[in-house]
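The values are calculated or read from the model by the stated rules, or taken from the named source; none is laboratory data. As the structure is a computational prediction, the values presented were derived from the model and not from experiment. Cβ: placed from backbone, ideal geometry, glycine included. Neighbour counts: every protein chain shown. All accessible areas refer to the heavy atoms of the entire protein, side chains included, with ligands and DNA or RNA removed. Shrake-Rupley method; radii C 1.70, N 1.55, O 1.52, S 1.80 Å.
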Amino acid sequence: MGRRQDADSLLHQLKKTAPPQLDSLYIVSGDEPLLVIETIDALRAGALRAGYGERISLIMDARSDWSAVIGATQNVSLFGDRRLVDVAIPTGKPGKTGGEALLKLSAMVESGALADTLVLVNLPRLDKATRSAKWALGLAQAGTWVEIGNIGRAELPRWIGQRLARQEQQLDSATLEWMADKVEGNLLAAFQEVQKLGLLYPAGAISATDVERAVLNVARYDVFGLRDAMLAGQPAKALTVLAGLRAEGEALPLVLWAVGEEVRVLARLAAAQSGGQDLQAEMRRQRVFGPREHLLRQTLNRVPPQTWPAAVQHAHDIDRLIKGLKVPGRLNDPWEELGRLALRIAITRSPSAR
């Protein structure tokens with residue numbers, strides 16, 4: 001295969017055909033968490049519509065047992081389902097054994113040996129040296145590489161406008177610039193504000209006054225108060241803030257996004273730290289600075305690294321509950337499960353932190 005595809009054209013392609021026509025291998029690479037998650041979720045949903053009913057998820061690093069990846073493509077499904085093998089490499093460093101496994105996987109894809117298997121590899125943005133590694137070149141030659149570019153401050157007003165257009169809403173250029181300034185170039189914060197406008201106002205043009213009223217609403221900081229209480233190990237405060245948000249009618253998807261995104265960032269940081277990577281460098285890759293960096297370091301010291309993959313899955317389960325899907329082992333009320341997730345992080349202590 002060996003082709004490059006941008007995220008927008010991939011998303012358009014997935015929506016255009018039913019069921020979507022999928023390649024055997026996709027590599028999604030980038031450091032913009034929101035856009036990476038959206039792209040991966042779209043591929044997973046497309047795979048499900050295309051008949052890949054079984055999904056195997058693996059989080060790997062240089063010290064992992066990479067035979068599990070090859071084994072996941074070889075095990076015969078009990079029901080004969082097509083399968084999606086979802087491999088995340090948060091550090092972007094598979095190591096020698098991992099590199100050999102990825103080369104073998106690439107060769108299997110090219111030879112057509114994985115006819116009933118779709119492989120999705122999730123990587124951070126790779127530096128020039130890593131992109132030249134044999135395993136990376138092998139993946140690029142065998143599959144479709146989707147590079148997720150960063151959205152800089154200059155591009156942010158246009159991006160906000162495009163997202164509002166999806167909601168059939170419009171803002172004038174001056175208000176788009178004002179919004180970009182208020183979120184300080186942060187894509188996640190911009191996404192949350194766009195979602196909020198979609199919940200507060202109908203389709204059509206939105207006045208600058210209405211936008212300012214929504215964006216400057218201090219209630220949105222309570223969402224981050226929940227996140228901070230959770231990370232600071234304050235379970236009682238976290239539940240109090242969560243109850244207040246629920247009583248005030250705060251949009252649950254926004255609350256989950258603020259909490260879930262921080263959980264995903266911490267999972268990446270914990271994986272990097274466990275893999276012997278430079279935590280400071282990974283903090284910068286994840287755009288963690290200032291007081292937030294101090295809080296996340298405290299959390300990493302308090303919560304064992306093995307906690308984070310389960311916490312990420314918990315956040316995904318809550319998202320499914322919000323969408324009206326039942327999740328085995330979870331309560332039907334997503335607010336209650338969000339409280340459980342907050343407690344999972346707030347209460348957990350590593351032995352060294354006790």
Checklist entry - Are there trypsin sites (Lys or Arg not before Pro) in region 55-142 that DSSP marks as loop and that have at most 14 other Cβ atoms within 10 Å, and which are they? => result Arg63
Next on the checklist: Looking at the chain only, what percent of DSSP beta bridges run antiparallel? Nearest 5 please.
Outcome noted: 0 percent
Checklist outcome for this item: Heavy-atom accessible area of region 3-148 with neighbours in place, 1.4 angstrom probe: carbon+sulfur share in percent works out to 54 percent
Next on the checklist: Under 10 Å, Cα contacts only: if you run a Gaussian network model on the chain, which one of Ala214, Ala18, Ala72 comes out with the highest mean-square fluctuation?
Outcome noted: Ala18
Item to check | By average C-beta atoms within 10 angstrom, highest first, the peptides 150-159, 258-267 | outcome: 258-267, 150-159
Checklist outcome for this item: Connecting every pair of Cα atoms under 10 Å apart in the chain and solving the GNM, the largest mean-square fluctuation among Gly98, Gly112, Gly329 falls on Gly329
Checklist entry - What dipole magnitude, in Debye to the nearest 20, does the chain give about its Cα centre under +1 on Lys/Arg Cβ and -1 on Asp/Glu Cβ? => result 760 debye
Checklist entry - Accessible area per residue of region 153-216 at 1.4 Å probe, in Å²? => result 51 Å²
Checklist entry - What percent does the relative contact order of region 3-148 come to when contacts are Cα pairs within less than 8 Å and at least six residues apart? => result 39 percent
Checklist outcome for this item: Of the candidates Val223, Thr175, Phe289, the farthest towards the positive dipole end of the chain (Lys/Arg Cβ +1, Asp/Glu Cβ -1, centred on the Cα centre) is Phe289
Checklist outcome for this item: Quick calc, region 219-347, dipole around Cα centre from Cβ unit charges on Lys, Arg (+) and Asp, Glu (-), nearest 20 debye, gives 220 debye
Checklist entry - To the nearest 500 deg cm²/dmol, what mean residue ellipticity at 222 nm is calculated for the chain from DSSP H runs of n ≥ 4 alone, each contributing -39,500 (n - 2.57), summed and divided by the residues? => result -18000 deg cm²/dmol
